[in-house]
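Single-structure report; data block below.
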Amino acid sequence: MLVAEVIRRRRKGGVYKRGDRWWGSWTGSDGTRQQKPLLAQNYPDAVNEVAGYRKRAREVRMTGQAPPSNDNLASVLPRYLSHQ
């Protein structure tokens, strides 16, 4: 493996390429390291996606409240009833 190839695969800012997919790494709202494959197709989009995850984690830490989810009553009610 060439040195230039290693440098290209390991980018700064918690974004790196594994195989043909971009991956992101950031500190979550609970202080643990989060790693996830990204939907981005190129490096700038991957950096923006990770920046969004970091921003949401920072907001949760600052406010102490998680952002609203996309769940609605129809999706939550069966899970609730199965545990009661």
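Between beta-carbons, use under 13 Å as the cut-off and find the net charge around residue 67, counting Lys and Arg +1, Asp and Glu -1. Let's see the in-between values first.
On the way: positive: 55, 56, 58, 61; negative: 59, 71.
So the environment of residue 67 carries a net charge of +2.
Taking the Cβ of residue 56 as the centre, find all other residues whose Cβ is under 14 Å away and add up their charges (Lys, Arg: +1; Asp, Glu: -1).
On the way: positive: 36, 54, 55, 58, 61; negative: 30, 49, 59.
Taking every Cβ under 14 Å from that of residue 56, the sum is +2.
Give me the net charge of residue 27's neighbourhood, meaning all other residues with Cβ under 10 Å from the Cβ of residue 27; Lys, Arg count +1, Asp, Glu -1.
+3
Using Cα atoms only, what is the angle between the long axis of helix 73-83 and the major principal axis of the chain, expressed in degrees (0 to 90) to the nearest 10?
Helix 73-83 sits roughly 80 degrees off the main axis of the chain.
Per-residue ellipticity at 222 nm for the chain, helices alone: DSSP H runs ≥ 4 residues times -39500 (n - 2.57), over residue total, nearest 500 deg cm²/dmol?
Numbers: 3 runs with 39 residues, N = 84.
Taken over the chain, the calculation gives -14500 deg cm²/dmol.
Ratio of alpha-carbon Rg to the 2.2 N^0.38 Å globular estimate for the chain, to two decimals, please. Working shown, then result.
Details: Rg = 17.3 Å, N = 84, 2.2 N^0.38 = 11.8 Å.
Against the compact-globule rule of thumb, the ratio is 1.46.
The numbers here are math on the coordinates, done by the rules we state, and not lab data. Keep in mind the model is a prediction, meaning the values are calculated, not measured. Methodologically, a virtual Cβ is constructed for each residue, glycine included, from the backbone with ideal geometry; neighbour enumeration extends over all protein chains shown.
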